[in-house]
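Here the structure comes first, spelled out in structure tokens, and everything after it is commentary.
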Amino acid sequence: MAVRHFVAYGEDVSIISTHALTRTFGPVVAVSNLTVELPTGVVGLVGANGAGKSTLIKILLGLIPPTSGTASILGFDCLTDGLKIREVVGYMPESDCLPLDVSATEFLVHMARMSGLPSHVARERAADTLRHVGLYEERYRPIGGYSTGMKQRVKLAQALVHDPQLVFLDEPTNGLDPAGRDEMLGLIARISGDFGISVVVTSHLLGELERIADHLVVIEAGVLSRSTSTADATQLSGAMLVEVTDRADDVVARLRRKGANVAIGSRAGTFAVELTDEAVPQWIVAVVADLKVGLIRLQRRRHHLSEIFESEAVTSQEEAAHV
């Protein structure tokens with residue numbers, strides 16, 4: 001796959017823009033007054049089942065019209081330019097949708113030709129894309145004989161085969177074991193980092209999005225809850241992570257006698273010390289040295305996405321209780 005170098009889209013330029021976007025299905029409001037800008041890179045789209053993620057993607061792909069409001073993607077109007085959008089955008093669905101009685105090569109060549117590529121170009125693109133996702137040696141086998149991980153790779157490949165500028169990946173690690181999830185996340189990182197293709201990925205696994213996403217958009221019941229860079233969402237917390245070789249209980253006891261607030265970690269030899277005093281790091285170093293204990297790690301702790309969303313959920317419940 002060729003490396004892309006876009007002039008039209010910089011790091012701070014939006015590839016997707018919505019304004020007061022609303023979509024209803026009878027009395028059900030799937031997307032409500034959504035105004036958001038999605039930048040280039042890898043964007044994580046977060047939300048529970050029924051939050052409106054799938055409806056939003058269908059609107060952006062030009063498959064269904066909004067009830068009101070506007071949306072554009074790569075400069076195209078989602079209401080009037082659906083065909084043009086689908087020429088430059090790829091989509092990996094969550095559902096099982098692969099033809100089981102054909103090979104990966106046959107399927108990708110068909111999808112490439114459906115996108116308008118000539119036959120010889122479609123075959124070249126299919127081979128290149130299958131090599132990229134790690135299926136080149138298996139490309140002539142019927143898809144029905146593939147493992148779950150291999151089928152996920154085929155779905156990813158068909159989203160990339162027409163050389164899009166942007167891809168939507170809907171729960172790409174669904175059904176994969178830990179090793180398969182790691183490999184898929186690595187592929188997604190390469191799509192953006194090596195090939196310059198922007199990615200919008202939906203996932204309910206916040207730890208995965210924390211690893212690969214540059215930006216996060218959170219939707220709850222069709223309403224925008226948060227839009228922020230991952231760096232801002234996982235900024236440094238007010239605690240130091242400490243790991244020692246031994247005598248962790250003695251280190252903790254001494255730090256507490258100095259007035260430090262210490263929380264024991266789940267792994268032996270680890271604990272977190274709140275930075276309630278500027279001298280806390282010096283306290284840790286002095287105690288460890290005095291006890292002649294090996295210091296493995298001493299670093300500022302970062303917030304995790306799960307902590308942020310759990311905090312917001314608690315806040316929402318407390319607000320609801322006071323209404």
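Values in this text are rule-based calculations from the coordinates and carry no lab data. Predicted model, so just to flag it, every value in this text is computed and none were measured. Every residue, glycine among them, receives a Cβ derived from its backbone with ideal geometry; neighbour counts consider all protein chains shown.
A few comments on the model shown:
- Diagonalising the gyration tensor over the Cα atoms of region 63-125 and scaling each eigenvalue by 5 before taking the square root yields semi-axes of 28, 16, 8 Å, largest first.
- Rounded to whole Å, sorted largest first: equivalent-ellipsoid semi-axes of the chain, Cα gyration tensor: 43, 26, 17
- Relative to the longest principal axis of the Cα atoms of the chain, helix 104-114 runs at roughly 60 degrees.
- Helix 280-290 vs. the chain, principal-axis angle (Cα, 0 to 90°, nearest 10): 60 degrees
- Relative to the longest principal axis of the Cα atoms of the chain, the long axis of helix 305-321 lies at roughly 90 degrees.
- Counting other Cβ atoms within 10 Å as a rough exposure proxy, the listed residues I264, I197 run I264, I197 from fewest neighbours to most.
- Spacing of the two label points (7 Å from each Cα toward its C-beta) at T70 and D250, in nm: 7.0 nm
- Listed residue (H19, V121, A179) projecting farthest to the positive dipole end of the chain, Cβ model: V121
- Modelled FRET efficiency - R0 25 Å, R267 with L291, Cβ distances, 0.05 increments: 0.80
- Each residue in E183, E87, E278 was given a count of other beta-carbon atoms within 10 angstrom of its own, and listing them fewest first yields E278, E87, E183.
- Debye log10 I(q)/I(0) for region 236-302, one point scatterer per Cα, at q = 0.15, 0.16, 0.26, 0.29 Å⁻¹: -0.37, -0.43, -1.24, -1.57
- Spin-label zone in region 20-53 - amide nitrogen under 12 Å from a point set 7 Å from the Cα of V223 along the C-beta vector: 32-34
- Value of [θ]222 nm, deg cm²/dmol, for the chain, DSSP H segments ≥ 4, -39500 (n - 2.57) each, nearest 500: -11000 deg cm²/dmol
- Going by neighbour counts of Cβ atoms within 10 Å, the residues R300, R257 line up, fewest first, as R257, R300.
- Rg in Å to one decimal, and Dmax rounded to a whole Å, for region 154-268 via C-alpha atoms: 20.0, 64
- Nitroxide proxy distance, nm - points 7 Å out along Cα→Cβ at T148 and E106: 2.6 nm
- Cα lying deepest toward the dipole's positive end in the chain, options I188, S68, V36, charges on Cβ: I188
- Given charges at beta-carbon only (K, R positive; D, E negative), |dipole| of the chain in Debye: 440 debye
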